[in-house]
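Below: the structure, in structure tokens.
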Ligand SMILES: Cc1cc2nc3c(=O)[nH]c(=O)nc-3n(C[C@H](O)[C@H](O)[C@H](O)COP(=O)(O)OP(=O)(O)OC[C@H]3O[C@@H](n4cnc5c(N)ncnc54)[C@H](O)[C@@H]3O)c2cc1C
């Protein structure tokens with residue numbers, strides 16, 4: 001029966017980082033992957049250019065029931081460490097916006113880099129593997145697959161979350177946590193577009209493809225980025241960020257004019273542009289197609305009314321919606337399109353220094369399977385690199 005120091009389940013971002021780090025320390029590492037190749041999500045990420053990290057990584061960029069948990073791993077292996085690795089491999093990259101770092105060429109550069117580090121350090125990677133069961137006996141983990149059985153001293157669960165099943169999303173990590181009596185927080189899709197089923201759905205469909213710079217407020221958090229209208233609802237970075245905080249039934253608040261006090265603007269327009277109509281004036285601040293839809297929703301009977309004839313209160317009502325449009329999404333697009341899964345392995349049961357389970361010696365959880373979820377912008381990969389490195393240094 002083949003023996004390894006450690007078996008790592010899942011050759012995604014966290015698993016590859018953990019494997020190369022441990023193997024570079026002289027450990028004999030087996031990396032098992034259920035799909036036909038390693039790093040599938042990395043390949044698809046960042047529109048094919050992998051937003052691999054961010055210049056401004058802070059614990060505040062992560063959602064977790066214990067907001068302090070991520071600090072140790074992020075400081076043991078920071079964005080600067082990963083940037084050094086990328087530079088060592090001669091991979092060219094650029095900052096796109098808000099500190100987000102993307103490959104100049106292709107996400108393949110990152111996968112090839114990780115695979116080369118693993119190969120040079122002697123990691124054994126096996127793809128198309130179906131794990132049938134895992135057991136802990138006589139101080140060892142016994143990993144049974146359809147084709148072979150392996151024995152190892154430590155086991156690292158790096159099988160990710162439920163998002164995008166076609167890219168390897170699976171609940172296997174939660175199943176293993178349950179087997180070892182490690183509780184998980186309920187999961188839900190995050191960094192995911194919102195869907196609408198009410199009268200807004202045809203409105204948004206009519207604007208599909210249009211992008212507007214907005215502020216989205218939810219749960220005392222605010223994201224100032226682009227909003228994108230889609231056939232089924234709302235997407236774009238600002239919305240994806242808000243989705244991570246959203247629970248079914250809740251509202252979101254959108255400021256369509258983030259730099260402008262809309263009430264002051266409309267009252268001034270009434271004074272200075274008295275003969276004009278609201279549509280033509282607002283179109284100087286928002287895309288005309290959006291203004292036309294808002295007109296149908298909010299002031300259809302006043303569409304052709306000169307501003308002079310508007311009551312101040314009526315203008316204030318519109319202004320209040322422009323600065324604080326309250327919407328109640330019907331739901332999200334779900335795991336089918338979500339970039340990440342929120343929730344997962346309860347960090348109270350893991351050491352933040354090593355990622356080892358407190359109640360099961362030799363068992364580690366890293367990456368997305370853990371209840372740590374980053375904001376959009378390279379933070380999820382940084383968590384995968386940091387947590388993978390930390391486990392790799394300790395297995
Ligand atoms: C389309 C898309 C784009 C994204 N873009 C970005 C981005 O640009 N920047 C960013 O920071 N984050 C991005 N993310 C999020 C990021 O990809 C994840 O947070 C990150 O990949 C998590 O790493 P992981 O190693 O924990 O999990 P994964 O990368 O999901 O790896 C888990 C691996 O485990 C394997 N596996 C699952 N079950 C089993 C099993 N039973 N046996 C063996 N293997 C198993 C899976 O096939 C997979 O290869 C994106 C996500 C998606 C879906």
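The values are calculated or read from the model by the stated rules, or taken from the named source; none is laboratory data. This structure is a prediction, so every number in the text was calculated from the model and none was measured. Note that each Cβ is placed from the backbone with ideal geometry, even for glycine, and that neighbours are counted across all protein chains shown.
Could you tell me whether residue 367 is outside the structural domain of residue 282 (by TED's automatic domain parsing) and on the phi > 0 side of the Ramachandran plot? Show your work before the answer.
On the way: outside the structural domain of residue 282 (by TED's automatic domain parsing): yes; on the phi > 0 side of the Ramachandran plot: yes.
Yes.
Wholly within the range 1-102, which strands (runs of 3 or more DSSP E) include no fewer than the required count, namely at least 1 residues that are surrounded by fewer than 16 Cβ atoms within 10 Å (Cβ to Cβ)? So that I can check it myself, show each step before the final result.
On the way: elements: 3-9, 29-32, 51-54, 93-95.
Counting at least 1 such residues, we get 3-9, 93-95.
Based on what the data block shows, is residue 182 in a loop (DSSP other than H, G, I, E, B), surrounded by 20 or more Cβ atoms within 10 Å (Cβ to Cβ) and more than 10 Å from the ligand (Cβ to nearest atom)? Full working, then the answer.
Details: in a loop (DSSP other than H, G, I, E, B): yes; surrounded by 20 or more Cβ atoms within 10 Å (Cβ to Cβ): yes; more than 10 Å from the ligand (Cβ to nearest atom): yes.
The answer is yes for residue 182.
Considering 89, 94, 68, which residue is within 21 Å of residue 365 (Cβ to Cβ) and either modelled with pLDDT of 95 or more or in the same structural domain as residue 141 (by TED's automatic domain parsing) (or both)? Please lay out each step first, then the result.
Working: 89 fails: within 21 Å of residue 365 (Cβ to Cβ); 94 fails: within 21 Å of residue 365 (Cβ to Cβ).
Of 89, 94, 68, the one residue that is within 21 Å of residue 365 (Cβ to Cβ) and either modelled with pLDDT of 95 or more or in the same structural domain as residue 141 (by TED's automatic domain parsing) (or both) is 68.
Kindly provide the set of residues from the range 319-344 that are surrounded by fewer than 15 Cβ atoms within 10 Å (Cβ to Cβ) and in contact with a helix residue (DSSP H, G or I) (Cβ under 6 Å, 6 or more places away or on another chain), ordered by number.
Matches in the range 319-344: none.
If I filter the range 318-326 for residues that are within 16 Å of the ligand (Cβ to nearest atom), touching a strand residue (DSSP E or B) at 6+ places or on another chain (Cβ under 6 Å) and at pLDDT 95 or above, do I get at least one hit? Can you show your working first?
Here is the first cut: in the range 318-326, the ones within 16 Å of the ligand (Cβ to nearest atom) are none.
The answer is no, given that none of the residues of the range 318-326 is within 16 Å of the ligand (Cβ to nearest atom), touching a strand residue (DSSP E or B) at 6+ places or on another chain (Cβ under 6 Å) and at pLDDT 95 or above.
Among the listed residues 200, 174, which satisfies the condition of being modelled with pLDDT of 95 or more and surrounded by 17 or more Cβ atoms within 10 Å (Cβ to Cβ)? Before you say what the answer is, go through the steps one by one.
Values: 200 fails: modelled with pLDDT of 95 or more.
When all the criteria are applied, what remains is 174.
All but one of (1) away from the ligand (no atom under 16 Å from the Cβ); (2) within 26 Å of residue 322 (Cβ to Cβ); (3) in contact with a strand residue (DSSP E or B) (Cβ under 9 Å, 6 or more places away or on another chain); (4) in contact (Cβ under 8 Å) with a residue 12 or more places away in the chain hold for residue 228; state the number of the condition that does not hold.
(1)
Check the range 347-367 and report whether any residue there is within 8 Å of the ligand (Cβ to nearest atom), in a helix (DSSP H, G or I) and crowded, with 24+ Cβ neighbours inside 10 Å.
Of the range 347-367, the ones within 8 Å of the ligand (Cβ to nearest atom) are 366-367.
Filter once more, so that each one left must be in a helix (DSSP H, G or I): 367.
Among the residues that remain, those that are also crowded, with 24+ Cβ neighbours inside 10 Å are: 367.
There is at least one residue in the range 347-367 that is within 8 Å of the ligand (Cβ to nearest atom), in a helix (DSSP H, G or I) and crowded, with 24+ Cβ neighbours inside 10 Å.
Considering only the range 378-395, state which residues are more than 18 Å from residue 344 (Cβ to Cβ), buried (at least 24 other Cβ atoms within 10 Å of the Cβ) and more than 7 Å from the ligand (Cβ to nearest atom).
Filtering the range 378-395 down to residues more than 18 Å from residue 344 (Cβ to Cβ) leaves 378, 389, 392-395.
Checking the rest, the ones that are also buried (at least 24 other Cβ atoms within 10 Å of the Cβ) come to 378, 389, 392, 395.
Within the range 378-395, 389, 392, 395 meet the criteria.
Out of all the residues in the range 54-63, is one or more within 9 Å of the ligand (Cβ to nearest atom) and either at pLDDT 95 or above or closer than 24 Å to residue 120 by Cβ (or both)?
Yes, the range 54-63 contains a residue that is within 9 Å of the ligand (Cβ to nearest atom) and either at pLDDT 95 or above or closer than 24 Å to residue 120 by Cβ (or both).
Taking residue 309 as meeting all but one of (1) under 18 Å from the mean Cα position of the chain (by Cα); (2) without any contact (Cβ under 8 Å) to a residue 12 or more places away in the chain, write down the number of the exception.
Only one criterion is unmet by residue 309, namely (1).
Only one of (1) within 11 Å of the ligand (Cβ to nearest atom); (2) closer than 27 Å to residue 393 by Cα; (3) surrounded by 20 or more Cβ atoms within 10 Å (Cβ to Cβ) fails for residue 127. Which number is that?
Residue 127 satisfies all of (1) within 11 Å of the ligand (Cβ to nearest atom); (2) closer than 27 Å to residue 393 by Cα; (3) surrounded by 20 or more Cβ atoms within 10 Å (Cβ to Cβ) except (3).
Hey, can you tell me all the residues within the range 298-318 that are surrounded by fewer than 13 Cβ atoms within 10 Å (Cβ to Cβ) and under 25 Å from residue 217 (Cβ atoms)?
Answer for the range 298-318, where residues must be surrounded by fewer than 13 Cβ atoms within 10 Å (Cβ to Cβ) and under 25 Å from residue 217 (Cβ atoms): just 313.
When you scan the range 31-48, do you find a residue that is within 10 Å of the ligand (Cβ to nearest atom) and either free of Cβ contacts under 8 Å to residues at least 60 places away in the same chain or not assigned by TED's automatic domain parsing to the domain that holds residue 73 (or both), even just one? I'd like the intermediate steps shown before the answer.
Residues of the range 31-48 within 10 Å of the ligand (Cβ to nearest atom): 31-48.
Keeping just the survivors that are either free of Cβ contacts under 8 Å to residues at least 60 places away in the same chain or not assigned by TED's automatic domain parsing to the domain that holds residue 73 (or both) gives 47-48.
Yes; the residues of the range 31-48 include at least one that is within 10 Å of the ligand (Cβ to nearest atom) and either free of Cβ contacts under 8 Å to residues at least 60 places away in the same chain or not assigned by TED's automatic domain parsing to the domain that holds residue 73 (or both).
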